[in-house]
Protein chains: 2
Amino acid sequence: MTPRKQVIKNGTFAVLEEGKTVISGYMLIEDDIITYIGEEEPQIDEGTEVMDGSHLLFLPGLINTHGHTAMSLLRGYGDDLALQVWLQEKMWPMEGKFTAQDVYWGTSLSVLEMLKGGTTTFLDMYDHMDQVAAVTKQSGMRAVLTRGVIGLCSPEEQQRKLNEAVDFAKSWHGKADGRITTMISPHAPYTCPPDYIEKFVQASIDLDLPMHTHMSETRNEVEQNVKDYGVRPVEHLLKLGMFSRPSLIAHGVHLTDEEISILAAHQVGVSHNPGSNLKLASGIARVPELLKAGVKVSLGTDGPASNNNLDMFEEIRLAALIHKGVSGDPTAVPAAEALRMGTEYGADSLFLNQVGRLKAGMKADFIALDTDQPHFLPYSDFISHAVYSASAKDVKHVWVDGRQLVKNGACLTLDEEKIRREAQLAFEALLTQ
Amino acid sequence: MTPRKQVIKNGTFAVLEEGKTVISGYMLIEDDIITYIGEEEPQIDEGTEVMDGSHLLFLPGLINTHGHTAMSLLRGYGDDLALQVWLQEKMWPMEGKFTAQDVYWGTSLSVLEMLKGGTTTFLDMYDHMDQVAAVTKQSGMRAVLTRGVIGLCSPEEQQRKLNEAVDFAKSWHGKADGRITTMISPHAPYTCPPDYIEKFVQASIDLDLPMHTHMSETRNEVEQNVKDYGVRPVEHLLKLGMFSRPSLIAHGVHLTDEEISILAAHQVGVSHNPGSNLKLASGIARVPELLKAGVKVSLGTDGPASNNNLDMFEEIRLAALIHKGVSGDPTAVPAAEALRMGTEYGADSLFLNQVGRLKAGMKADFIALDTDQPHFLPYSDFISHAVYSASAKDVKHVWVDGRQLVKNGACLTLDEEKIRREAQLAFEALLTQ
């Protein structure tokens, strides 16, 4: 079959290379691959679809490396509460009622919001993961999916859940034209006994898949780990073998210098979730120190009940802003570094080596922002504007694997009205159950 | 003349009252005044214009209590630099070249961005203030305008600037159908000698106008004040008589308990600028302590070169998020309180007693957000969604004094294309001068 060829002319492309962050010119796409980006006009074969990229800023699709998308059904249901009250009185009772159908509509609502807002790849850790996979497949998005398992239950129940996680990981890895990959996830050191975590490490070895978990999100959780196991979470997971596997941990708010060194030495990625960490009052992760130590820091929204939106531009901006304010150093986490955290470092953290960059040879996962707006003027520095001024709503078009999924702000693959209606009905039903 | 009457049906109105934050029902407007908000259908006279408020969330217009709008021309021109480098090598040389025309286009760009983003009132402290007043008048917006004076110059130059500030304040106070009021502003304790500040205090008394200044934005500035005058800035301004006048200070990042008590005792308002304070690495203001002490804390964007947008939803959200993260208390600055900071506390801080609230008897300054969007679902808590999930781009309609200024996202009073073009040309000209 003749490959589908597309060319974008007159575009501004965020290539984020050292010394040159932006290129004005052309991008060629052949099927799902970027084959050229440059200032020089390339040879354009007959039959190539031509798009005018004027007044558009092209970025790599944003990559959300930690979340629980189905929790959008609980957005705004209990804010500004102490963590334990929020969890025990609000989240857990409602989540306990979630059916597969609820997960389907909650995930659909989140996928819609993410896609329209310029996220092209997301990690999801939840239950009823077949539903999440089904939505991902239908939407055209890219995702890293993993059944997050809480192990505070009987050995039989533990085994059932582990089997479920393994079955899911096996059956969906590489599916949806390769857009879905999977990971193995014990939920957290404080919700999984050590011997149970070791079983996940073994499964990760058996399936040759990376691992994901929550770690050191709150100070209490770290102190509890020391009480229960005599060591802090990093040493604990290190001993259990997790860091001998390719791993990504979410949060990593409370880390010592030594723990940062261990994460760096074992190439463990950290998904920084600034919005969620602030809202739940978990604290402020030591991002400048992590980056300095060579740890791969990416960005995640966490679930929409603790954020409360899925706007990755907001996480990028928070990552650029809060560490300046806290450290007193205005050069901490510069704009281009924050944008890399939301794109290429995200791809690296999810073990996806063909996305997260606008570059020949990469998958054509990219987005276009409308720069004909007051907050993008003057045209002084597009990377600065993307980081310090833009939001999800500035995204006009979105492509994954060279296929356009959002056009002029509308999602082409999902039925937005139906999803909003069904999500609202699902929430109302949960309230009355 | 028969008054113009408007009614909005089926709306959701953020009244932000204790115990009841939102009302679903009706709002009546007679000329520039809200005459009714309630669940019950009011009597609707013949000739009343009817608008369907379904799928819209109505909020009081947002109030931005500190900024330098013309600096939008320098948006993205020098980020992520040490403060002194940024000021001395980037901002001051460019600002030194600003003509009245530059201020006109820079302000126009900012007013456009603010209006479209739901801000209905802004404070502006800058130079060439006649231009800012002209733009305000034309746009239909409400503004508190003040010539900010730096006094590091000869006595003759000082006198000339003071006269200019006084003339401006006198001639524009109450103009544009009462939408413009004025203040008296020495720029800051570190840029104005004590005897010069006393002259502004006297002018404020003579003209019966309130005062505005920058104060305690950076740690250095506080230390310098102690070196130069033997006291910290609050005691310094107190001694100079400023706090015997109705006053609003911008920033107030570095304050002791005693200073907070003094501000509270003298009813001095604080314009909290979280985005700018983070970006310039100035630090994090003690907002929970200020609120607890009874200080009126409002929100400002500061200039667009240190923010870099004028999205007041972002400042509201930052105010709700960062103080939770820093204090470790998830109940710090709850959603409704953050929204009040961006609306009614803003009005109080600017000494405007008829805006900032949706309530009978208030001026009809209000905005409507489009809630038919994924990030507003489910319809669990609209105040939470407005604070934790919304952004400037969700604003669909804007009214000031009962007059619609933004309709379906388009500004009805300003020529957006022309403003964007002229602002870009102005920036390019500044670069080549």
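Stretch residue B:417-residue B:431 to full length: gain in nm at 0.36 nm per residue minus the Cα-Cα span?
Values: separation 14, 0.36 × 14 = 5.04 nm, distance 2.16 nm.
Length gained, residue B:417 through residue B:431: 2.9 nm.
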- Query: How far is the Cα center of region A:246-288 from the Cα center of region B:210-254, in Å?
  - Reply: 38 Å
- Gaussian network model of chain A, Cα springs within a sub-10 Å range: biggest mean-square fluctuation belongs to which of A:136, A:191, A:65? A:191
- Message: Could you sort the peptides A:306-312, B:199-205, A:293-299 by per-residue average Cβ neighbour count (10 Å cutoff), highest mean leading?
- Response: A:306-312, A:293-299, B:199-205
- Item | Sparse-neighbour loop sites [trypsin sites (Lys or Arg not before Pro); region A:56-148; at most 14 other C-beta within 10 Å; DSSP] | A:97
- Task: With chain B rotated onto chain A, spot the residue of B whose Cβ lies nearest the axis and note the distance in whole Å.
- Result: B:393, 2
- Message: Just to be sure I understand: with springs between alpha-carbon atoms less than 10 Å apart, which residue in A:156, A:39, A:198 has the highest mean-square fluctuation in the Gaussian network model of chain A?
- Response: A:156
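Checking a compactness column here: for chain A, what do you get for Rg(Cα) / (2.2 N^0.38 Å), N being the number of residues? Mind showing how you got there, number by number?
Details: Rg = 21.1 Å, N = 433, 2.2 N^0.38 = 22.1 Å.
Here the answer is 0.96, to two decimals.
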- Task: With only Lys, Arg, Asp and Glu charged, each at its Cβ (+1 for the first two, -1 for the last two), find how big the charge dipole of the protein assembly as shown is about the Cα centre; round to the nearest 20 debye.
- Result: 100 debye
- Message: Charges on Cβ only, +1 for Lys and Arg, -1 for Asp and Glu, centred on the Cα centroid of region B:62-349; of B:98, B:297, B:158, which one is farthest towards the dipole's positive end?
- Response: B:297
- Message: Spelling out what I want: for every residue of region A:17-32, take phi, set θ = phi - 60°, compute 6.51 cos²θ - 1.76 cosθ + 1.60 (Karplus), and round to whole Hz; glycine and proline get x.
- Response: 8, 4, x, 9, 8, 9, 10, 9, x, 10, 9, 9, 10, 10, 6, 9
- Note on the structure: Taking the alpha-carbon centre of each part, the distance from region B:51-119 to region B:1-48 in Å is 32 Å
- The rounded separation in angstrom of the Cα centers of region A:318-395 and region A:131-183 is 29 Å
- Taking θ as phi - 60°, what are the ³J(HN,Hα) couplings along region A:58-68 by the Karplus curve (6.51, -1.76, 1.60), each to the nearest whole Hz, with x for Gly and Pro? 9, 10, x, x, 6, 10, 9, 9, 7, x, 9
- With the dipole of chain A defined by +1 on each Lys or Arg Cβ and -1 on each Asp or Glu Cβ, the option from A:37, A:107, A:414 whose Cα lies farthest towards the positive pole is A:107
- Within the set B:11, B:25, B:325, GNM on chain B using Cα springs under 10 Å gives the largest fluctuation to B:325
- Positive-pole candidate from A:173, A:67, A:222, dipole of region A:62-349, charges at beta carbon: A:173
- Item | Rounded to the nearest 20 debye, dipole of region B:62-349 from Cβ charges on Lys, Arg, Asp, Glu | 420 debye
- Message: Across the protein assembly as shown, what fraction of all alpha-carbon pairs, as a whole percent, falls in each successive 10 Å bin from zero upward?
- Response: 2, 13, 23, 25, 19, 12, 5, 1, 0
- Note on the structure: Cross-link reach from residue B:137 to lysines, straight Cα distance under 21 Å and at least 8 residues apart if same chain, gives B:116, B:170, B:175, B:363, B:407, B:418
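Coordinate-derived values only; no laboratory data. Not measured: the values here are computed from a predicted model. Please note: Cβ atoms are built from the backbone with ideal geometry, for glycine as well, and neighbour counts cover all protein chains shown.
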